[in-house]
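Taking it in order: structure first as structure tokens, then the write-up.
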Amino acid sequence: MIEKLKKEISRLKKEIGQLHGMIETDSLTGLYNRHGFIKRAEGFLKSIEWGEKHHKERRDIFYIKDFTIVFIDLDNFKFINDTFGHKAGDVVIKEIADVLKINTKEVDVLCRWGGDEFVLGLVGVGERTGAAIAERLRRKIAGHKFATGKGIARATASFGVASALQCYKQTKSINLYRLIEEADEAMYEVKKKLGKNFVASYHKVKR
């Protein structure tokens, strides 16, 4: 009887874990969805804020020194859907997620923000290094051939980058939504002025 109960409890725990994963994960890409990303990213931001507020105590305690947000918007995704079909669009989204996974660290937080938008949280990385990583990802996506079943599709993406530490220096606090907005704004500003398929850093755009 006790063994039966143990097995049942184990089974229920496994099911709860699977349901928890479904709540926080995008079903198409396997990346975090918004809910999962926000939950994980906010933990890193608290570590940075604590480290900046407690200079004296922090020397012997591990904390995250920076966290950079990269906002990614696919260029002309509607054209891919209209030309190759919506299933092909799903292929492109899934394969871009794979490119992001392969070219970032396991500790980084990867998210399908919605539709053809992605948000990355680069752990321990400042804005300058984050922009360099974003540039590498931009080139990987631009050079990737997407096998759609109706021909080879090409895709490009535009990137905006914003650092938590830079945000803290300006406001003495870190708000995840503000940080995402900064990265999105950097991407949009340069997209509007210079075109698509580029990387822009928020604090360079706002100088």
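Summary table below
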{"quantity": "Matching residues in region 175-206 - criterion: being under 18 Å from G126 (Cα atoms), hydrophobic (A, V, I, L, M, F, W, C) and within 17 Å of the chain's Cα centre (by Cα)", "calculated": "L176, L179, I180, A183, A186, M187, V199, A200"}
{"quantity": "The one condition in (1) at negative phi; (2) out of contact with any Leu (no Cβ under 8 Å at 6 or more places or on another chain) that G114 fails to fulfil", "calculated": "(1)"}
{"quantity": "Residue check for G151: surrounded by fewer than 19 Cβ atoms within 10 Å (Cβ to Cβ) and closer than 17 Å to T83 by Cβ", "calculated": "yes"}
{"quantity": "Enumerated helices (runs of 4 or more DSSP H) restricted to region 103-203, each holding at least 2 residues that are closer than 24 Å to F79 by Cα", "calculated": "127-142, 176-194"}
{"quantity": "Test: A164 is under 17 Å from the mean Cα position of the chain (by Cα), closer than 12 Å to F71 by Cβ and surrounded by 23 or more Cβ atoms within 10 Å (Cβ to Cβ)", "calculated": "no"}
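Listed here are the residues, each with its yes/no results for (1) crowded, with 18+ Cβ neighbours inside 10 Å; (2) modelled with pLDDT under 85.
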site: K4; (1), (2): no, yes
site: M22; (1), (2): no, yes
site: G43; (1), (2): no, no
site: Y63; (1), (2): no, yes
site: F67; (1), (2): yes, no
site: F79; (1), (2): no, no
site: G85; (1), (2): no, no
site: D90; (1), (2): no, no
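The values are calculated or read from the model by the stated rules, or taken from the named source; none is laboratory data. All values derive from a computational prediction rather than experimental measurement. In this analysis, Cβ positions are derived from the backbone assuming ideal geometry, glycine residues included, and neighbour counts consider all displayed protein chains.
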